[in-house]
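Shown next, in structure tokens, is the structure this report addresses.
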Amino acid sequence: MASQLISVSSYEAHNQLEISLRQAFDLLQSKLRPPFSLTIPDPQEYTLLNQAILYGHLHAIVIDGYKLFLSLLVGIVNELYGKLVDSVKEQLIWVTKEMIDVSATGIDSLLVCLMRQIVGGDFSDGNLWLCFELVSLCLSKWDCLLQEKPVVLTSALYTFLRLLADHCRVSNNLKLEMLRQMEIEFCVKMLRDQFQLCLKIGRDLVRLLQDLFHVPEFKSIWKDLVLKPSEFRTAEYLDISQLYCIRTSTRYFLLRITPEMETQLRFLLTHVMLGNQKRYQIWFEKKFLLGPERESLIVDIVRFICCAHHPSNGIIQSNIIPRWAVIGWLLTCCKKKYIEANGRLALFYDWLFFNEKVDNIMNIEPAMLLMVCSLPKYVNFTHSLLEFLLLLVDNYDLDRKTIILRGVSSAFNSLVQKGVVHSLDVLTRCDVLSPFIRERLQNLLLNDQGKVPRDLLPVDLPGHSTQSLRLPDMSCMGNSTQSTQEQLTSEGDDGLSTRVVVVPGGNEVDSIERLVESIGDIIKESYERGLQTLEAILFSIVNQCNQRKTSNSICSEDLLSKITKEFESNGYRLFTSLGSLAGIVECDDEIGSATAVIIRTFIFSLNERIQEMLLLWARNGFPVGARLLSYALRLAHEAYAAGCLENSVAVAKVRESRMPLLEYHFDGYFNFLNKRKGDSSENFVSVSEMDEKAIANLVDSAFTAYRHFLSSSRVMSQKESDTSLSKLLFSDLKDCSDWKRIRMKNLFCNIFCYLSDLSICEEDIIRLLIEKLDYVDLTEMQFQIGLKKFSLFGDNHKLVFHLIKNSLNWNSVEQHKLWGLIRSELPVSEVQVEKIILEFFCSGKIDVNLSAIAAGGLLTLCSSCAPTSALVGTIMSLPNNFFQDFAAAALATWAASNASMLFDSITEFAEKLKSKNTCSTFLNSTETEINQSTILWLLNYYNAQGINVSNMLSNLYPNS
């Protein structure tokens, strides 16, 4: 009996193809050993023989160039590859290499089928192994494939360029690094040596290269592609616009969709009725899109649906779920903004270069219907898609904008002429759409160049030169516009935010001045672009300071006055007080706002000019300190809640944690670092380079920035000289306590974790904590204090006593809450409790009414502490003037919980008295008076136990 070919679960039916192969092998096994027959079998026997050979991986005499043999192999790869055992997969690759050597008929189909089995966004060992084997095969069999099957090499180029975009997001992985280098080697070899073949891919080659612009090897290719076409030694290639005009064949889009995925998508689009699709979509998402990096497949699926699945008229006219609805669902599945941006680019890409003589109307139909059919219920979705398309027109390629204008205009006209929509009035006269969007669309249809000045060029870094055409950073078009105050943010190639910011040319100061002058108009057109411009201004300031260009710097006061005025005139107030935002549920001003951009940039740069601007805002009455503190506290809370501060954690977990500020801060951090690197030869910074230590440092830096601001605020303020940093912190903390985006308990926990030197044992802060927290929060905080995660009171017993003394004037509820916290911390701290007790009872005349709660608190504190000789000696030496039974009650509590240690401590104390070596730590004079209540309690306790107490009494009273 032949060994099993595939792994089959107990609940799965047997596969008929595998059964037929195994039966053929069992039947002809004896004929597969030498000597082989030289007679040609009949067709039926020949089929059985090929099936048996395939099963046993042997060669025999063939008469069709292995055509049937390879067709069987293709069937196995398409139907069974995912279930094949590892040894069979290895043999499959070996057989494939052998078939290349004999130029087998159909080897190109087999290689393409194997490429389709590489799953995008899948970093499992099996998937990376297949990727490694195939790229190795393409390199080792280069000459043979180039001569016999060059189309395989173009398919491989498309495949590995697309995979590289995923693989370059991960670093510090040796296995992946080796694979990545081989993929780069193959792709660069193809582009440099066989560019005439690469041209066959068409315009999507440009789209794929965009995602790899940050990789040094591809950055140089891109520059040659745009500026030096002769470098490719291909006579027919003169300009990148030629690539724009070549429509990409549908076979390339199939390369990034596995056969199983294709089957399920085609079933969804040909059999499932609109309204019944939800359970199919949920199943599809769990099957193919579930995983930290699998989301990148959405881009490939959108491209496949637009360009490779064209339904018949019968299906279009039926109630089957249309393509536009599936694409709309896929775009809503995007959690990462850069993937959403790339998904939209995949949707609109053919629009940019549409030519009705070359392109298919079905490629652009889904985008149009998605915009139209989303009205009016999902107007924001339509608005964001239209805004994205218009941004593409304005920014994709400034030097070839006429080509793009012509392409988009032609797309709209063809959609009307072919009857996809009856008229464009559905968009241009739609009252629910933004008037600005409608006006820009009308201008586009009239071939108006729009309102953006031609001298504004997209650059990555203010102050760095750029070519007239560079790799378009599609992240500037990444996010749905939900409101005018939501920042259009999108992630770059490493999963993080990067943006296209329009910056005028000229020197740094001129650039800043021109940006400041234009920011008002930009905000009116698009709030999101206004935020991008603000960030460009701030980074230009940082860049200017780093280069020590201060002689011609712009006045900070004039700068912030202009910025403040322009944002306020457009309905946004900078550094709004948190209290005024507390009741607005949908408002999250700490994310994607102008205030957040300023705070985030200051945290990353600690730039003196930006700090000067913050201080000026604060002097003008803006609650800058409170907003900085709130941002840092929330960032720390979300990092902790996401599990990024305690154990080793994959940073992809940040993306899954649904912690919006943490993700926003990460985006900005990597965008800032990568801008600082600019065009240097350093590696592009990847999110995967972060570990828990780096994340902790990122959180620490937010509090460091707040400290810088606080210290400078104190120095520059004209308040009384005794204003301490703790007082300033308390003032900011009061404002933060009105903000509902972070639970109050978490806010105070982080205050004592990260700003302990300014908050420990500070009466105002601790009283505010007690005022704001309910008993549930206080109890949870007590647990954390007991675990020594942070400290409220520190190790200085004098400060603790001072706080206790001042608390005597608090109300009873506040005092009880305070003592609950004290009881949680002091027993596990280094504070000498005996000194606090001694100072309390020996501090002079005490009002028993005011001190009753404190005395009860000290008693329960004693019960929580171990009866050490120092503590017991102090208790037994307390004066007898008030709360006479306090000392006896403390001893009685210890006798019940830790009698052995108690009486050891009493014996030690008595011996010290006898030897007159009493510890001065807890006694104020050489003559020690024993507390009467403790003597009475001891007598009663020993008598009840039947123990002779005379020896101890003689020690306690040596002179009697």
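Shape summary of the stretch 876-915, radius of gyration then Dmax from alpha carbon positions: 11.4, 30 Å. Over 23 Å between C-alpha atoms is what I'm after, so list which of Lys228/Lys401; Lys228/Lys336; Lys200/Lys357; Lys67/Lys141; Lys789/Lys817; Lys337/Lys357 land there. Result: Lys228/Lys336; Lys337/Lys357 exceed 23 Å.
For the stretch 16-197, with the dipole built from +1 on Lys and Arg beta-carbon atoms and -1 on Asp and Glu ones, taken about the Cα centre, which of Met99, Cys187, Pro43 lies farthest toward the positive end? Result: Cys187, furthest along the dipole toward the positive end. Computed over protein heavy atoms with a 1.4 Å probe, the accessible surface of the stretch 760-865 works out to 44 Å² per residue. In order along the stretch 106-122, the Karplus-derived 3J(HN,Hα) couplings, from 6.51 cos²θ - 1.76 cosθ + 1.60 at θ = phi - 60°, round to x, 5, 5, 5, 5, 5, 5, 4, 5, 4, 5, 7, 7, 8, x, x, 9 Hz, and Gly and Pro are given as x.
Under 5 Å from the amide H of Ile320 lie the amide H atoms of Leu274, each residue being 5 or more positions distant or on a separate chain, with H modelled from the backbone and absent for Pro and chain starts. In the frame of its principal axes, the stretch 760-865 has Cα extents of 36, 28, 24 Å, reported largest first. Shown here are the Rg and Dmax of the Cα trace of the stretch 250-447, at 16.5, 47 Å. Here the 3J(HN,Hα) profile of the stretch 151-161, calculated from phi with Karplus coefficients 6.51, -1.76 and 1.60 at θ = phi - 60°, is 4, 5, 5, 5, 5, 5, 4, 4, 4, 6, 5 Hz, Gly and Pro shown as x.
When the solvent-accessible area of the stretch 250-447 is split by element, carbon and sulfur atoms take up 51 percent of it, the probe being 1.4 Å. Which value, in Å² rounded to 10, gives the accessible area of Phe284 with a 1.4 Å probe and all protein chains present? Spelled out: Phe284, probe radius 1.4 Å, area about 10 Å².
Sorted into 5 angstrom bins from 0, the C-alpha pair distances of the stretch 211-307 split as 2, 10, 15, 16, 15, 12, 9, 8, 7, 4, 1 percent. Every Cα-Cα pair in the stretch 119-272 was counted, and those over 29 Å apart are 19% of them.
Relative to the Cα centre, the charge distribution of the stretch 16-197, modelled as +1 at Lys and Arg Cβ and -1 at Asp and Glu Cβ, gives a dipole magnitude of about 180 debye. Backbone phi angles across the stretch 403-416, fed through the Karplus curve with coefficients 6.51, -1.76 and 1.60 (θ = phi - 60°), yield HN-Hα couplings of 4, 5, 4, 5, x, 5, 4, 5, 4, 4, 4, 5, 5, 6 Hz in residue order; Gly and Pro are listed as x. Net charge dipole, the stretch 760-865: roughly 200 debye, given to the nearest 20, about the Cα centre with Cβ charges of +1 for Lys and Arg and -1 for Asp and Glu.
Estimated at 0.36 nm per residue, the fully extended path between Asp700 and Asn360 surpasses their Cα-Cα distance by 116.9 nm.
The share of alpha-carbon pairs in the stretch 303-378 lying farther apart than 14 Å comes to 64%. Both radii were evaluated on the Cα set of the stretch 16-197; the Rg over Rh quotient, with Rh as the Kirkwood radius, amounts to 1.02.
The values are calculated or read from the model by the stated rules, or taken from the named source; none is laboratory data. The structure presented is a predicted model; accordingly, all values stated were derived computationally and were not measured. All Cβ positions, even for glycine, are placed from backbone atoms using ideal geometry, and neighbour counts span all protein chains on display. We work out accessible area using only protein heavy atoms, side chains counted, and drop any ligands, DNA or RNA first. Shrake-Rupley method; radii C 1.70, N 1.55, O 1.52, S 1.80 Å.
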